[in-house]
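Only one structure is covered here, and it is reproduced in the block below.
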Amino acid sequence: MNTIFRKSMLSVAGLAFAGGVFAGPIAAHANPVDAKPTAAAAVHTTAPKPQGDQSHIDLNGEQTANVKAIIAATKKAGLPERAAVISIATSLQESKLENLGHLGDANDHDSLGLFQQRPTSGWGTPEQITNPEYSTTAFLKGLKQVDGWQDMPLTDAAQTVQVSAYPDAYAQWEQQATDLVAQHWNS
């Protein structure tokens with residue numbers, strides 16, 4: 001009898017664990033109850049609303065020029081506004097929209113440019129990666145290979161391309177990226 005009880009309890013525990021393993025990724029992307037609501041985005045998309053708390057930085061002229069370069073490369077690639085939002089949010093996380101060169105000891109391996117792409121990972125040469133049009137086009141090429149990127153949470157799409165050690169960090173920039181695309185897409 002004790003063996004039957006133990007096996008039953010282990011079966012229940014196993015089902016609970018399996019449910020957590022499969023539901024965990026879904027629950028990890030759910031909006032927390034205490035998340036602050038954000039204003040409706042001006043960009044028309046079927047993509048989910050921004051996840052969690054949102055960050056914002058004030059941009060200088062160089063950063064704004066990089067926003068415009070990302071948008072221009074996105075248009076040149078024939079991709080919609082959502083691709084520009086994902087690209088800008090990714091760059092906000094990776095470099096705060098600054099075209100970073102080699103940072104010496106502060107560098108993350110050999111990461112460079114707006115997207116902190118690495119020459120040793122096949123993104124291109126240092127000269128290419130620090131060219132905003134090239135680096136954006138390289139990012140977009142990776143994004144286009146992600147099935148369903150248009151409708152998935154921004155952080156999932158960005159993470160699939162970037163393979164970051166901080167996969168959920170991209171989400172915090174979605175509202176600012178959406179606002180920047182709305183502001184500069186038609187200018």
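Could you check how many residues of region 58-76 are open to solvent by 40 Å² or more (accessible area, probe 1.4 Å) and over 14 Å from residue 92 (Cβ atoms)?
Residues in region 58-76 being open to solvent by 40 Å² or more (accessible area, probe 1.4 Å) and over 14 Å from residue 92 (Cβ atoms): 6 in total.
From the list 172, 183, 128, which one is over 18 Å from residue 50 (Cα atoms), open to solvent by 30 Å² or more (accessible area, probe 1.4 Å) and part of a helix (DSSP H, G or I)? Even if it seems obvious, please write down each step before you answer.
Working: 172 fails: over 18 Å from residue 50 (Cα atoms); 183 fails: over 18 Å from residue 50 (Cα atoms).
Answer to the selection: 128.
Please give the number of the condition residue 151 fails out of (1) outside any loop (DSSP other than H, G, I, E, B); (2) more than 17 Å from residue 97 (Cα to Cα); (3) among the acidic types (Asp, Glu).
(1)
Take the conditions in contact with a Phe, Trp or Tyr (Cβ under 9 Å, 6 or more places away or on another chain) and either open to solvent by 40 Å² or more (accessible area, probe 1.4 Å) or at pLDDT 95 or above (or both) and apply them to residue 40. Does it pass?
So residue 40 fails the test.
Can you name the number of the only condition in (1) at pLDDT 95 or above; (2) open to solvent by 30 Å² or more (accessible area, probe 1.4 Å); (3) under 13 Å from the mean Cα position of the chain (by Cα) that residue 81 fails?
Status for residue 81: all satisfied but (3).
The values are calculated or read from the model by the stated rules, or taken from the named source; none is laboratory data. Everything quoted here is computed from the prediction, not taken from an experiment. Backbone-built Cβ (ideal geometry, glycine too); neighbour counts: all protein chains shown. Only protein heavy atoms, including side chains, enter the accessible area calculation; ligands, DNA and RNA are left aside. Shrake-Rupley method; radii C 1.70, N 1.55, O 1.52, S 1.80 Å.
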